[in-house]
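The values are calculated or read from the model by the stated rules, or taken from the named source; none is laboratory data. For clarity, every value in this text was computed on a predicted model and none was experimentally measured. Glycine also receives a Cβ, built like all others from the backbone with ideal geometry; neighbour counts cover every protein chain displayed. When the accessible area is computed, the model is the full protein with side chains, heavy atoms only, and any ligands, DNA or RNA have been set aside. Shrake-Rupley method; radii C 1.70, N 1.55, O 1.52, S 1.80 Å.
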Amino acid sequence: GWRAVARALRAHQWVKNVLVFIPLVLAHRWLEFDRLAATVLAAVAFSLTASAVYVLNDLCDLENDRQHPTKRRRPFAAGHLPISAGFALIPLLVAASATLALFALPATATAILAFYLVLTTLYSFWIKGIPALDVAVLAVLYTLRILAGGAAAQVAISPWLLALSLFGFTSLALVKRYAELARKPAGDDTLVSGRGYQRQDLPVILGMGLATGNMLALVMALYLHSPEVARLYRQPGWLWPVCGAFVFWTLWLWLTAHRGQTTVEDPVVFALRDPATWGVVAFTAFLMWMAY
């Protein structure tokens, strides 16, 4: 029943849309009601659109999901929801999201949402099977949430924030691929179902993931020398330990992936549930407050 529908919509994934609020928070404008309300509406629109694409992806991946050790429990793959329900949900979700965006969001935010829908649909049908391009597109899809948040709240987005987002989410996307491949038995060099990777790619993915993750600290260090920091913070020296926090977080994330402790289906959700990640977030927030 409704529980199966909620699982098909992957309502727990809506937590990712907290990314929409990042531009508002970093611009120190979160107490302005109009901007906050527009950001909330943008998060709701992204949640509806993302759920539509999740349903579409599950319908397209039925055979692959039924062969997967965990994805076979998804509602459509397990037969808990009829296929017809999926075809009914997709247009309803897209229509609700489009209505909300057209009547309540700025044109730029609506355009970003439309581009997100197109790109994520292309990802479901074609891009996810192309090695390297798939992780790059995943990073872009997460970054689009940040761009939409800035457009909805009508605050400028720093190129430093975009760089942090692209590097960070590329590393997270590579964690997902690494975890999928690590589950395969040693010596099994067949392609992961529906993907373009083999188990022999593990060392390459590990290297790329660590490199892109540690770029977070480099970008942060360069950002601390930019004029923007002096404009937003009175004591920017407090922000330097954030670089070390980013290095720790990257190493921790990849160590847990190497040990097989990372959630295969979604490392972003794993990160949001991980106490070490929350510790880094709290530490960073404290330093930002002290610098402000």
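Looking only at region 36-45, which residues are buried (at least 19 other Cβ atoms within 10 Å of the Cβ) and over 16 Å from the mean Cα position of the chain (by Cα)?
Scanning region 36-45 gives Ala38, Thr39.
Which of (1) farther than 25 Å from Ala139 by Cβ; (2) without any contact (Cβ under 8 Å) to a residue 60 or more places away in the chain is the odd one out, the single condition His80 does not satisfy?
(2)
Could you list, in sequence order, all residues of region 236-251 that are assigned to a helix (DSSP H, G or I) and within 14 Å of Leu216 (Cα to Cα)?
Of everything in region 236-251, those that are assigned to a helix (DSSP H, G or I) and within 14 Å of Leu216 (Cα to Cα) turn out to be Leu239, Pro241, Val242, Cys243, Gly244, Ala245, Phe246, Val247, Phe248, Trp249, Thr250, Leu251.
Counting just the residues of region 219-235 that are part of a helix (DSSP H, G or I) and open to solvent by 40 Å² or more (accessible area, probe 1.4 Å), which one comes out nearest to Phe169 (Cα to Cα)?
Leu222
Somewhere in region 17-32, is a residue more than 17 Å from Val155 (Cα to Cα), touching a Ser or Thr at 6+ places or on another chain (Cβ under 9 Å) and either modelled with pLDDT under 95 or open to solvent by 10 Å² or more (accessible area, probe 1.4 Å) (or both)?
There is at least one residue in region 17-32 that is more than 17 Å from Val155 (Cα to Cα), touching a Ser or Thr at 6+ places or on another chain (Cβ under 9 Å) and either modelled with pLDDT under 95 or open to solvent by 10 Å² or more (accessible area, probe 1.4 Å) (or both).
All but one of (1) farther than 21 Å from Leu56 by Cα; (2) open to solvent by less than 50 Å² (accessible area, probe 1.4 Å) hold for Thr108; which doesn't?
(2)
Taking region 148-164, which residues are open to solvent by less than 10 Å² (accessible area, probe 1.4 Å) and not aliphatic (A, V, I, L, M)?
Result: Gly149, Gly150.
Given the condition farther than 29 Å from Ile130 by Cα and either at pLDDT below 85 or in a helix (DSSP H, G or I) (or both), answer yes or no: does some residue in region 203-210 qualify?
So far as region 203-210 goes, no, none of its residues is farther than 29 Å from Ile130 by Cα and either at pLDDT below 85 or in a helix (DSSP H, G or I) (or both).
Conditions first: (1) open to solvent by 20 Å² or more (accessible area, probe 1.4 Å); (2) part of a helix (DSSP H, G or I); (3) farther than 29 Å from Arg195 by Cα. Val94 passes all but one, so which condition is the exception?
(3)
Being without any contact (Cβ under 8 Å) to a residue 24 or more places away in the chain and not in a helix (DSSP H, G or I) is the filter here, so list the residues in region 126-156 that pass it.
Across region 126-156, the qualifying residues are Trp126, Ala132.
Of all residues in region 170-184, how many are touching a Lys or Arg at 6+ places or on another chain (Cβ under 6 Å) and not aliphatic (A, V, I, L, M)?
The number of residues fulfilling the criteria is 1.
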